[in-house]
Every structure is written in structure tokens, then in C-alpha cells.
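Quick notes on the structure that follows.
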Ligand SMILES: [Zn+2]
Ligand SMILES: [Zn+2]
């Protein structure tokens, strides 16, 4: 359990079980490998992603250190695939499988293996060049883009 204050002032914590703050993300390659090897579900990577419910900033933590910050750039009713990044690059996207902590909690009590997990409700891509993150949500049918904010935080910032 941890607490962290967002740049906007919102105080975040992941003490509620389940919560809407914490997001579980893994690269699609690792997800597919886990599926093909039929491993247990809860093998998420060390990196922790938190999302502020007020301003929607995303924070990446390694351990308790903030390593990356992203700010919401645009919400649109665009297509669910990104062909060209806003920076101009094409086909250089890293794809992620993403669940909120709340979604995971609702699923894992009845699921023993990763290949029993339903398809996540969103598709997430990251441009390998400018590091923009694009997240398409199948429930709202909205595409959100986020920009990477360099040096948004002091190195010593901890949650
Ligand atoms: Zn915030
Ligand atoms: Zn880009």
C-alpha cells in the first residue's frame, strides 16, 4: 500500500482493494508468451502504473521511484488503431495489455490460468520514437493520447 501526490494536487493511494488508481500493464509479447505457456495469471512486471482520476496523468514507478510521467493530450472518437503517430512516425508502436486493478480483482478470483483471461477492454500503443501513449477503450469507444513529460519530477520523488 502506498500514497503519492499527483502534480495536480490530488492525493493518490492504492489502499482500496480493488482500486481505480493502479493499472497493470505488460508488453504484448510477454502476455502472448504467458498465454502460450499457460502460466498463472498474476505474474505482472515490477513496473507499476498509476492514473490520477482528476487530471488523468499517468505515472510509472519502478519500486517506489517515479520513472516516467505522461499527461493527457487529447480524447477523440477516432479509430481503434493508430496508423501514424502525431509525431509523424508510422509502424513503430509497442503494444501493451492493460487491466485496471479493479478489473483484475473481478477476474482473477475465478480464473486460474492466464489463457482464461478475457480480452482486455482497451488497446494501448506507445510510439517508440516520441513515447506518446495511445489508449483505446472499447467501452467508451474513445482514443486517449498522452504525451511523455521529461523531467516532470525530482529524481528523489517517492510514493
Ligand atoms: Zn492529477
Ligand atoms: Zn510518436
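Every number here is computed from the coordinates shown, using simple stated rules; none is lab data. Treat the numbers as computed from the prediction; the structure is a model and nothing was measured. No Cβ is skipped: glycine too gets one built from the backbone with ideal geometry, and neighbour counts run over all protein chains shown.
Among 62-69, 17-24, how do they line up by average Cβ neighbours within 10 Å per residue, starting with the highest? Write out the running numbers ahead of the final one.
On the way: 62-69: 14.5, 17-24: 18.2.
Result, highest mean first: 17-24, 62-69.
Relative contact order for the stretch 21-148 using alpha-carbon pairs under 8 Å, separation at least 6, rounded to a whole percent?
Details: 228 pairs, mean separation 37.3, N = 128.
RCO, the stretch 21-148: 29 percent.
Work out, in µm²/s and without decimals, the Stokes-Einstein translational diffusion coefficient of the chain at 25 °C, 0.890 mPa s, Rh from Kirkwood over C-alpha pairs.
Values: Rh = 16.5 Å.
Diffusion coefficient, whole number: 149 µm²/s.
Simple spin-label model, 7 Å along Cα-to-Cβ: residue 91 to residue 16 in nm?
4.4
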